[in-house]
Amino acid sequence: MKPNVVVLLLLLLVSTATCCPPSDRRALLALRSALHEPYLGIFNSWTGQDCCHNWYGVSCDAVTHRVADINLRGESEDPIFERAHRTGYMTGRISPAICDLTRLSAVTIADWKGISGDIPECITRLPFLRTIDLIGNQISGAIPNDIGRLNRLAVLNVADNRISGSIPRSLTNLSSLMHLDLRNNLISGVIPPDFGRLTMLSRALLSGNRITGRIPESLTKIYRLADVDLSGNRLYGTIPPSLGRMSTLMTSSVMNLNLSRNLLQGKIPEGFGPRSYFTVLDLSYNNLKGPIPSSISAASFIGHLDLSHNHLCGRIPVGSPFDHLEAASFMFNDCLCGRPLRACLKN
(Lines give C-alpha, C1' and ligand atoms only; values in the text may rest on other atoms or scores of the structure.)
Protein backbone atom coordinates (compact mmCIF):
# COMPACT_ATOMS: atom_id res chain seq x y z
CA MET A 1 0.00 0.00 0.00
CA LYS A 2 1.33 3.43 -0.94
CA PRO A 3 2.33 5.77 1.92
CA ASN A 4 -0.13 8.51 0.90
CA VAL A 5 -3.00 6.00 0.93
CA VAL A 6 -2.03 4.88 4.46
CA VAL A 7 -1.96 8.48 5.63
CA LEU A 8 -5.42 9.11 4.17
CA LEU A 9 -6.80 6.00 5.87
CA LEU A 10 -5.29 7.04 9.19
CA LEU A 11 -6.75 10.53 8.86
CA LEU A 12 -10.12 9.02 8.02
CA LEU A 13 -9.99 6.75 11.08
CA VAL A 14 -9.00 9.60 13.39
CA SER A 15 -11.70 11.92 12.09
CA THR A 16 -14.32 9.18 12.38
CA ALA A 17 -13.27 8.43 15.96
CA THR A 18 -13.56 12.07 17.01
CA CYS A 19 -16.89 12.85 15.30
CA CYS A 20 -20.29 12.37 16.81
CA PRO A 21 -21.87 9.12 15.62
CA PRO A 22 -24.33 9.30 12.71
CA SER A 23 -27.19 8.26 15.01
CA ASP A 24 -26.66 11.33 17.21
CA ARG A 25 -26.43 13.58 14.16
CA ARG A 26 -29.70 12.16 12.77
CA ALA A 27 -31.43 12.72 16.12
CA LEU A 28 -30.31 16.35 16.25
CA LEU A 29 -31.45 16.99 12.68
CA ALA A 30 -34.86 15.47 13.50
CA LEU A 31 -35.04 17.75 16.56
CA ARG A 32 -34.21 20.73 14.37
CA SER A 33 -36.80 19.81 11.73
CA ALA A 34 -39.58 19.88 14.36
CA LEU A 35 -38.66 23.42 15.48
CA HIS A 36 -38.97 26.75 13.67
CA GLU A 37 -36.77 29.70 14.66
CA PRO A 38 -37.36 32.56 12.20
CA TYR A 39 -35.26 35.46 13.48
CA LEU A 40 -31.82 34.52 14.81
CA GLY A 41 -30.71 31.61 12.64
CA ILE A 42 -29.39 29.60 15.58
CA PHE A 43 -29.66 26.38 13.57
CA ASN A 44 -27.57 27.68 10.66
CA SER A 45 -24.51 26.14 12.26
CA TRP A 46 -26.10 22.67 12.35
CA THR A 47 -24.39 21.55 9.14
CA GLY A 48 -21.63 19.12 8.26
CA GLN A 49 -20.98 15.64 9.54
CA ASP A 50 -19.55 16.44 12.98
CA CYS A 51 -22.22 17.66 15.37
CA CYS A 52 -19.64 17.83 18.18
CA HIS A 53 -17.91 20.88 16.71
CA ASN A 54 -19.45 24.29 16.18
CA TRP A 55 -23.09 23.19 16.31
CA TYR A 56 -24.74 25.97 18.30
CA GLY A 57 -25.86 24.77 21.74
CA VAL A 58 -24.53 21.22 21.33
CA SER A 59 -21.76 19.75 23.49
CA CYS A 60 -20.29 16.26 23.37
CA ASP A 61 -18.48 14.04 25.84
CA ALA A 62 -14.73 14.40 25.31
CA VAL A 63 -14.14 10.65 25.51
CA THR A 64 -17.14 9.03 23.86
CA HIS A 65 -17.92 11.88 21.42
CA ARG A 66 -21.61 11.31 22.12
CA VAL A 67 -23.94 14.28 22.46
CA ALA A 68 -24.12 15.09 26.18
CA ASP A 69 -25.66 18.55 26.39
CA ILE A 70 -28.25 20.54 24.43
CA ASN A 71 -28.36 24.13 25.64
CA LEU A 72 -30.73 26.35 23.67
CA ARG A 73 -31.96 29.43 25.54
CA GLY A 74 -34.19 32.07 24.02
CA GLU A 75 -32.90 34.68 26.47
CA SER A 76 -29.14 34.84 26.50
CA GLU A 77 -26.15 37.21 26.47
CA ASP A 78 -24.71 35.33 23.52
CA PRO A 79 -23.54 37.65 20.71
CA ILE A 80 -26.15 36.19 18.34
CA PHE A 81 -28.86 37.76 20.54
CA GLU A 82 -26.98 41.01 21.10
CA ARG A 83 -26.50 41.54 17.38
CA ALA A 84 -30.20 40.97 16.74
CA HIS A 85 -31.25 43.24 19.64
CA ARG A 86 -33.99 40.83 20.59
CA THR A 87 -34.82 37.74 22.60
CA GLY A 88 -35.60 34.49 20.87
CA TYR A 89 -38.86 33.14 19.55
CA MET A 90 -39.37 29.60 18.38
CA THR A 91 -42.39 27.46 17.52
CA GLY A 92 -42.84 23.77 16.88
CA ARG A 93 -42.42 20.89 19.29
CA ILE A 94 -39.74 18.78 20.94
CA SER A 95 -39.36 15.73 18.74
CA PRO A 96 -39.26 12.26 20.36
CA ALA A 97 -36.05 11.83 18.33
CA ILE A 98 -34.31 13.52 21.27
CA CYS A 99 -34.63 10.16 23.03
CA ASP A 100 -32.18 8.64 20.53
CA LEU A 101 -29.45 10.70 22.20
CA THR A 102 -28.90 7.96 24.73
CA ARG A 103 -25.93 9.63 26.46
CA LEU A 104 -27.71 12.93 26.97
CA SER A 105 -26.97 14.49 30.36
CA ALA A 106 -28.71 17.86 30.08
CA VAL A 107 -31.44 19.28 27.87
CA THR A 108 -32.24 22.99 28.05
CA ILE A 109 -34.76 24.32 25.54
CA ALA A 110 -35.94 27.35 27.46
CA ASP A 111 -37.63 30.74 27.05
CA TRP A 112 -38.65 30.40 23.41
CA LYS A 113 -42.26 31.40 24.16
CA GLY A 114 -43.87 29.47 21.29
CA ILE A 115 -42.75 25.84 21.55
CA SER A 116 -45.80 23.66 22.20
CA GLY A 117 -46.71 19.97 22.23
CA ASP A 118 -46.01 17.44 24.96
CA ILE A 119 -42.86 16.44 26.78
CA PRO A 120 -41.87 13.21 24.96
CA GLU A 121 -42.70 10.24 27.22
CA CYS A 122 -39.55 8.47 26.04
CA ILE A 123 -37.38 11.05 27.79
CA THR A 124 -37.70 8.92 30.92
CA ARG A 125 -35.54 6.28 29.20
CA LEU A 126 -32.43 8.50 29.13
CA PRO A 127 -30.46 7.06 32.07
CA PHE A 128 -27.76 9.78 32.24
CA LEU A 129 -30.14 12.74 32.29
CA ARG A 130 -29.35 15.23 35.09
CA THR A 131 -31.11 18.36 33.88
CA ILE A 132 -34.46 18.99 32.19
CA ASP A 133 -35.04 22.73 31.72
CA LEU A 134 -37.99 23.65 29.51
CA ILE A 135 -39.05 26.88 31.24
CA GLY A 136 -40.87 29.62 29.33
CA ASN A 137 -42.61 27.86 26.46
CA GLN A 138 -46.16 26.72 25.66
CA ILE A 139 -45.59 23.03 26.38
CA SER A 140 -48.75 21.19 27.36
CA GLY A 141 -49.74 17.69 28.42
CA ALA A 142 -48.63 16.04 31.62
CA ILE A 143 -45.25 15.41 33.23
CA PRO A 144 -44.35 11.87 32.09
CA ASN A 145 -45.66 9.30 34.57
CA ASP A 146 -42.34 7.44 34.65
CA ILE A 147 -40.26 10.53 35.47
CA GLY A 148 -39.11 8.70 38.61
CA ARG A 149 -36.94 6.39 36.49
CA LEU A 150 -34.39 9.20 36.04
CA ASN A 151 -32.43 8.45 39.19
CA ARG A 152 -29.67 10.96 38.28
CA LEU A 153 -32.03 13.87 37.66
CA ALA A 154 -31.02 16.90 39.74
CA VAL A 155 -32.98 19.70 38.00
CA LEU A 156 -36.56 19.53 36.73
CA ASN A 157 -37.75 22.93 35.52
CA VAL A 158 -40.92 23.16 33.43
CA ALA A 159 -42.15 26.51 34.83
CA ASP A 160 -44.16 28.99 32.75
CA ASN A 161 -45.76 26.51 30.39
CA ARG A 162 -49.20 24.91 30.07
CA ILE A 163 -48.44 21.61 31.79
CA SER A 164 -51.57 19.90 33.09
CA GLY A 165 -52.34 16.67 34.89
CA SER A 166 -51.08 15.89 38.37
CA ILE A 167 -47.65 15.56 39.95
CA PRO A 168 -46.65 11.96 39.17
CA ARG A 169 -46.32 9.75 42.23
CA SER A 170 -43.08 8.40 40.77
CA LEU A 171 -41.51 11.86 41.09
CA THR A 172 -40.75 11.10 44.74
CA ASN A 173 -38.32 8.39 43.53
CA LEU A 174 -35.95 11.10 42.25
CA SER A 175 -33.40 10.67 45.02
CA SER A 176 -30.94 13.13 43.38
CA LEU A 177 -33.45 15.92 42.70
CA MET A 178 -32.28 19.28 44.07
CA HIS A 179 -34.30 21.85 42.11
CA LEU A 180 -38.00 21.36 41.29
CA ASP A 181 -39.75 24.23 39.50
CA LEU A 182 -43.32 23.67 38.30
CA ARG A 183 -44.52 27.28 38.68
CA ASN A 184 -47.25 28.85 36.55
CA ASN A 185 -48.80 25.85 34.87
CA LEU A 186 -52.19 24.09 35.01
CA ILE A 187 -51.15 21.26 37.33
CA SER A 188 -53.93 19.88 39.54
CA GLY A 189 -54.29 17.06 42.05
CA VAL A 190 -52.40 16.77 45.32
CA ILE A 191 -48.78 17.02 46.39
CA PRO A 192 -47.72 13.37 46.88
CA PRO A 193 -47.90 12.51 50.60
CA ASP A 194 -44.40 10.99 50.49
CA PHE A 195 -42.90 14.20 49.07
CA GLY A 196 -40.39 14.07 51.91
CA ARG A 197 -38.55 11.24 50.16
CA LEU A 198 -36.87 13.94 48.05
CA THR A 199 -34.11 14.24 50.63
CA MET A 200 -31.72 16.23 48.38
CA LEU A 201 -34.31 18.87 47.46
CA SER A 202 -33.38 22.49 48.20
CA ARG A 203 -36.01 24.30 46.10
CA ALA A 204 -39.67 23.32 45.73
CA LEU A 205 -41.44 25.92 43.57
CA LEU A 206 -45.02 24.90 42.79
CA SER A 207 -46.85 28.24 42.78
CA GLY A 208 -49.48 29.38 40.31
CA ASN A 209 -51.14 26.05 39.66
CA ARG A 210 -54.39 24.32 40.65
CA ILE A 211 -52.92 22.01 43.25
CA THR A 212 -55.36 20.97 45.96
CA GLY A 213 -55.32 18.89 49.12
CA ARG A 214 -53.19 19.37 52.21
CA ILE A 215 -49.56 20.34 52.65
CA PRO A 216 -47.89 16.99 53.37
CA GLU A 217 -46.26 16.71 56.77
CA SER A 218 -43.35 14.92 55.10
CA LEU A 219 -42.40 18.13 53.26
CA THR A 220 -41.29 19.68 56.55
CA LYS A 221 -38.82 16.82 57.08
CA ILE A 222 -36.64 17.64 54.07
CA TYR A 223 -33.38 18.68 55.69
CA ARG A 224 -31.99 20.74 52.79
CA LEU A 225 -35.17 22.53 51.78
CA ALA A 226 -34.54 26.27 51.80
CA ASP A 227 -36.97 27.72 49.25
CA VAL A 228 -40.63 26.65 49.27
CA ASP A 229 -43.27 28.41 47.18
CA LEU A 230 -46.74 26.85 47.19
CA SER A 231 -48.60 30.12 46.67
CA GLY A 232 -51.52 30.63 44.32
CA ASN A 233 -52.95 27.14 44.55
CA ARG A 234 -56.02 25.56 46.18
CA LEU A 235 -54.39 23.99 49.21
CA TYR A 236 -56.64 23.60 52.24
CA GLY A 237 -56.48 22.26 55.78
CA THR A 238 -54.08 23.34 58.47
CA ILE A 239 -50.42 24.29 58.22
CA PRO A 240 -48.32 21.33 59.48
CA PRO A 241 -47.41 21.89 63.14
CA SER A 242 -43.76 21.06 62.41
CA LEU A 243 -43.44 23.99 60.00
CA GLY A 244 -41.59 26.25 62.42
CA ARG A 245 -39.26 23.43 63.41
CA MET A 246 -38.15 22.43 59.93
CA SER A 247 -34.64 21.00 60.03
CA THR A 248 -33.25 23.48 57.54
CA LEU A 249 -34.22 26.33 59.83
CA MET A 250 -31.58 25.15 62.27
CA THR A 251 -28.80 24.92 59.68
CA SER A 252 -29.50 27.24 56.79
CA SER A 253 -28.97 30.99 56.55
CA VAL A 254 -31.75 31.25 53.95
CA MET A 255 -35.35 30.15 54.14
CA ASN A 256 -38.10 31.43 51.89
CA LEU A 257 -41.58 30.11 52.61
CA ASN A 258 -44.59 31.32 50.63
CA LEU A 259 -47.97 29.72 51.31
CA SER A 260 -50.04 32.75 50.28
CA ARG A 261 -53.22 32.73 48.18
CA ASN A 262 -54.51 29.33 49.19
CA LEU A 263 -57.42 28.09 51.31
CA LEU A 264 -55.46 27.23 54.45
CA GLN A 265 -57.36 27.18 57.73
CA GLY A 266 -56.73 26.84 61.45
CA LYS A 267 -54.05 28.58 63.48
CA ILE A 268 -50.50 29.52 62.60
CA PRO A 269 -48.52 26.83 64.43
CA GLU A 270 -46.23 27.61 67.34
CA GLY A 271 -42.73 26.19 67.39
CA PHE A 272 -40.57 29.02 66.05
CA GLY A 273 -37.32 29.39 67.93
CA PRO A 274 -33.87 31.03 68.08
CA ARG A 275 -32.65 29.09 65.06
CA SER A 276 -35.65 29.92 62.88
CA TYR A 277 -34.38 32.15 60.06
CA PHE A 278 -36.72 33.37 57.33
CA THR A 279 -35.88 35.83 54.61
CA VAL A 280 -39.53 35.57 53.51
CA LEU A 281 -42.51 34.17 55.41
CA ASP A 282 -45.74 34.86 53.51
CA LEU A 283 -49.03 33.41 54.75
CA SER A 284 -51.30 36.12 53.30
CA TYR A 285 -54.65 35.58 51.55
CA ASN A 286 -55.75 32.47 53.44
CA ASN A 287 -58.40 31.65 56.05
CA LEU A 288 -56.11 31.49 59.08
CA LYS A 289 -57.64 32.29 62.46
CA GLY A 290 -56.55 32.86 66.04
CA PRO A 291 -53.64 34.90 67.37
CA ILE A 292 -50.19 35.47 65.91
CA PRO A 293 -47.90 32.96 67.68
CA SER A 294 -45.74 34.67 70.26
CA SER A 295 -42.92 32.23 69.41
CA ILE A 296 -42.33 34.13 66.15
CA SER A 297 -40.62 36.77 68.32
CA ALA A 298 -38.03 34.13 69.23
CA ALA A 299 -36.90 33.70 65.63
CA SER A 300 -33.35 34.83 64.98
CA PHE A 301 -34.41 36.69 61.83
CA ILE A 302 -37.52 37.28 59.74
CA GLY A 303 -36.92 39.73 56.92
CA HIS A 304 -40.35 39.89 55.28
CA LEU A 305 -43.51 38.71 57.06
CA ASP A 306 -46.96 38.99 55.48
CA LEU A 307 -50.01 37.83 57.43
CA SER A 308 -52.53 40.11 55.70
CA HIS A 309 -55.92 39.04 54.33
CA ASN A 310 -56.72 36.36 56.91
CA HIS A 311 -59.01 36.14 59.96
CA LEU A 312 -56.38 36.63 62.67
CA CYS A 313 -57.32 38.24 65.94
CA GLY A 314 -55.56 39.49 69.06
CA ARG A 315 -52.52 41.51 70.03
CA ILE A 316 -49.55 41.73 67.65
CA PRO A 317 -46.49 40.52 69.57
CA VAL A 318 -43.78 43.03 70.41
CA GLY A 319 -40.08 42.90 69.60
CA SER A 320 -38.36 41.61 66.50
CA PRO A 321 -39.47 41.14 63.73
CA PHE A 322 -42.64 43.06 64.54
CA ASP A 323 -40.81 46.28 65.38
CA HIS A 324 -39.64 46.74 61.77
CA LEU A 325 -42.77 45.61 59.91
CA GLU A 326 -45.29 47.94 58.31
CA ALA A 327 -49.05 47.90 58.71
CA ALA A 328 -49.49 46.24 55.31
CA SER A 329 -48.16 43.00 56.82
CA PHE A 330 -51.25 42.78 59.07
CA MET A 331 -54.05 44.51 57.16
CA PHE A 332 -57.43 42.95 56.41
CA ASN A 333 -57.68 40.63 59.39
CA ASP A 334 -60.63 40.34 61.78
CA CYS A 335 -59.38 41.98 64.95
CA LEU A 336 -55.61 42.40 65.19
CA CYS A 337 -54.37 45.30 67.27
CA GLY A 338 -51.12 46.79 68.49
CA ARG A 339 -48.24 48.39 66.64
CA PRO A 340 -48.07 49.01 63.71
CA LEU A 341 -51.92 48.90 63.70
CA ARG A 342 -54.26 50.67 66.08
CA ALA A 343 -53.67 50.37 69.79
CA CYS A 344 -55.39 47.55 71.65
CA LEU A 345 -58.27 48.48 73.91
CA LYS A 346 -57.44 48.23 77.59
CA ASN A 347 -59.38 45.69 79.60
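Between Lys289 and Arg86, the FRET efficiency from the beta-carbon distance, with R0 = 51 Å, is close to 0.50. Roughly how tilted is helix 22-33, in degrees to the nearest 10 and between 0 and 90, from the longest Cα axis of the chain? Once rounded, one gets 60 degrees. FRET efficiency for the pair Ser23 and His324, taken as 1/(1 + (r/R0)^6) with r the Cβ-Cβ distance and R0 = 51 Å, rounds to 0.25. One chain, two ends: Met331 and Gln138. Fully extended at 0.36 nm per residue, the span grows by 65.8 nm beyond their Cα-Cα distance.
Since only Ile135, Met178, Ile163 are under comparison, the one whose Cα sits farthest along the positive direction of the charge dipole of the stretch 104-181, derived from C-beta charges on Lys, Arg, Asp and Glu, is Met178. Scanning the chain for GluC sites (Glu not before Pro) in DSSP loops with at most 12 neighbouring Cβ atoms within 10 Å leaves 78-325 as the longest stretch between them. Distant-in-sequence amide contacts of Ile302, defined by a placed amide H-H separation under 5 Å and a gap of 5 or more residues or a different chain, comprise Phe278.
Give me the accessible area per residue for the chain, probe 1.4 Å, as a whole number in Å². Heavy-atom SASA per residue in the chain reads 47 Å². Nonpolar atom fraction for the stretch 193-347, defined as the carbon and sulfur part of the 1.4 Å probe accessible area, stands at 54 percent. Full extension of the segment from Cys344 to Asn71, taken as 0.36 nm per residue of separation minus the current Cα-Cα distance, would add 92.5 nm. Packing-based ranking of 140-150, 278-288 yields 278-288, 140-150, ordered from highest to lowest mean Cβ neighbour count within 10 Å.
Just so you know, the averaged projected area of the alpha carbon convex hull for the stretch 97-255 sits at 8.7 nm².
Annotation: cysteines of the chain without a disulfide-compatible partner (Cβ-Cβ under 4.7 angstrom) are Cys19. Relative to the current alpha-carbon distance between Ala34 and Phe301, full extension at 0.36 nm per residue lengthens the span by 91.1 nm.
For Phe301, the solvent-accessible surface with a 1.4 Å probe is about 80 Å², rounded to the nearest 10. Note on the chain: Lys pairs 8 or more places apart or on different chains, Cα atoms under 30 Å apart, count 5. On the basis of the beta-carbon distance and an R0 of 22 Å, Glu270 and Thr199 show a calculated FRET efficiency of 0.25. Measure off, as a whole percent, the carbon and sulfur share of the 1.4 Å-probe accessible area of the stretch 76-144, all protein chains present. Looking at the stretch 76-144 in its full context, I get 48 percent from C and S.
The values are calculated or read from the model by the stated rules, or taken from the named source; none is laboratory data. Keep in mind that this is a model prediction, so the values were computed, not measured. Glycine gets a Cβ as well: all are built from the backbone with ideal geometry, and neighbour counts include every protein chain shown. Note: accessible area is taken over every heavy atom of the protein model, side chains too, but ligands, DNA and RNA are not part of it. Shrake-Rupley method; radii C 1.70, N 1.55, O 1.52, S 1.80 Å.
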